[in-house]
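J.: A single structure is presented below for examination.
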Amino acid sequence: MPHSDTQPLWSISDFEAARQQAAAAPQAQLQRQTILPSTLQAELRVLERRRDSADALEVIAACVRLREPALIHLQCNGQVWPITLFPQATLYHSPRSLLLADRRELSSLRVLDIEPPGVRPPGHWMHERVADVEAYHALPPLLWRLALEGPRADLLHEMSGNAVFRALRGPASPDLPTPGALGPTIDRLRRESAPLRKVAQWPGMSFERASRLVNALYLTSNLIVSRAHHAAQPGMLQSLLSRFSR
């Protein structure tokens, strides 16, 4: 497939035609199985089994968690928006900053395909594969906005289950906005740990807003997750209380 990182946004039809042509090439399937790191391939297979392979936030979260670079083709408003993630450098490469998309476009994002990166981050020793510096953008603001405004309205699978959350620090950058109740909620999470169901009941919050905020804090390395905290085991606490009340 032609390298999309250096080209304008494609239409969906042009992208699908190019993908079909690439898939029909000799040894295409063998190459496909070996070009992505095995750890990332394993994560993507798990997402496929859970039918989350098109979930933009889950796929991006997998790359960030494993610190693996990848070129992700996102469907956005009838076009294909390619972004190349560089988690270790906290950058992404794209012909246009994805932050230019509006809320409606972000809410409809879905993953069409994922490939190994065709470019390298600035400063890489393979300098001939480093693109123009203007095409690189800070990754944390993208992760923050995708979590708060993207298509996923509930917790990332990694965060699900019995757990309590605490904010490590409040976002200090203006690129990580905390409108409305988000700022006070983060301040409160810095002082106390709480499960999602409790955060959702705080002023100005809801289950969806709490889920999105936890995802945003997690993806920007601002979250502490505890599964051993007593509040993460409501069934255990209830059992102890009933035992002592006998």
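J.: Identify the residue in the stretch 1-51 that is closer than 13 Å to ILE114 by Cβ and not in a helix (DSSP H, G or I) and, among all such residues, is modelled with the highest pLDDT.
T.: It comes out as PRO37.
J.: Quickly run through the stretch 68-90 and pick out the residues that are over 22 Å from ASP52 (Cβ atoms), open to solvent by 40 Å² or more (accessible area, probe 1.4 Å) and not small (Gly, Ala, Ser).
T.: Of everything in the stretch 68-90, those that are over 22 Å from ASP52 (Cβ atoms), open to solvent by 40 Å² or more (accessible area, probe 1.4 Å) and not small (Gly, Ala, Ser) turn out to be GLN79, GLN88, THR90.
J.: Somewhere in the stretch 92-115, is a residue open to solvent by 20 Å² or more (accessible area, probe 1.4 Å), among the aliphatic types (A, V, I, L, M), modelled with pLDDT of 95 or more and closer than 25 Å to LEU223 by Cα?
T.: no
J.: While we're here: Is one or more of the residues making up the stretch 166-180 closer than 17 Å to SER211 by Cβ and in contact (Cβ under 8 Å) with a residue 60 or more places away in the chain?
T.: The answer is yes; a qualifying residue exists.
J.: Still on this structure: Tell me, which strands (runs of 3 or more DSSP E) wholly within the stretch 59-143 include 1 or more residues that are hydroxyl-bearing (Ser, Thr, Tyr), touching a strand residue (DSSP E or B) at 6+ places or on another chain (Cβ under 9 Å) and closer than 19 Å to LEU9 by Cα?
T.: Because the criterion is at least 1 residues that are hydroxyl-bearing (Ser, Thr, Tyr), touching a strand residue (DSSP E or B) at 6+ places or on another chain (Cβ under 9 Å) and closer than 19 Å to LEU9 by Cα, the strands (runs of 3 or more DSSP E) in the stretch 59-143 that meet it are 79-86, 91-93, 136-138.
J.: Next question. Quick one: in the stretch 145-175, which of the residues that are in contact with a Leu (Cβ under 7 Å, 6 or more places away or on another chain) and part of a loop (DSSP other than H, G, I, E, B) is modelled with the lowest pLDDT?
T.: That would be LEU168.
J.: Restricting attention to the stretch 178-186, does a residue exist that is within 27 Å of SER97 (Cα to Cα), out of contact with any strand residue (DSSP E or B) (no Cβ under 7 Å at 6 or more places or on another chain), hydroxyl-bearing (Ser, Thr, Tyr) and open to solvent by less than 40 Å² (accessible area, probe 1.4 Å)?
T.: no
J.: Collect the residues in the stretch 198-207 that are under 24 Å from ILE60 (Cβ atoms), open to solvent by 30 Å² or more (accessible area, probe 1.4 Å) and in a helix (DSSP H, G or I), keeping them in residue-number order.
T.: Across the stretch 198-207, the qualifying residue is only PHE207.
J.: Does ARG65 satisfy the condition of being among the basic types (Lys, Arg) and crowded, with 16+ Cβ neighbours inside 10 Å?
T.: yes
J.: OK, next. Failed condition for PRO195, given (1) within 23 Å of GLU58 (Cβ to Cβ); (2) modelled with pLDDT under 95, with all others met?
T.: Among (1) within 23 Å of GLU58 (Cβ to Cβ); (2) modelled with pLDDT under 95, the lone unmet condition for PRO195 is (2).
J.: If you don't mind, another one. Of the residues that make up the stretch 91-112, is at least one within 14 Å of LEU36 (Cβ to Cβ) and touching a residue at least 60 places away in the same chain (Cβ under 8 Å)?
T.: no
The values are calculated or read from the model by the stated rules, or taken from the named source; none is laboratory data. Not measured: the values here are computed from a predicted model. For neighbour counting, all protein chains shown are included, and Cβ atoms are generated from backbone atoms with ideal geometry for every residue, glycine included. Just the protein is used for accessible areas: all its heavy atoms, side chains included, with ligands, DNA and RNA removed. Shrake-Rupley method; radii C 1.70, N 1.55, O 1.52, S 1.80 Å.
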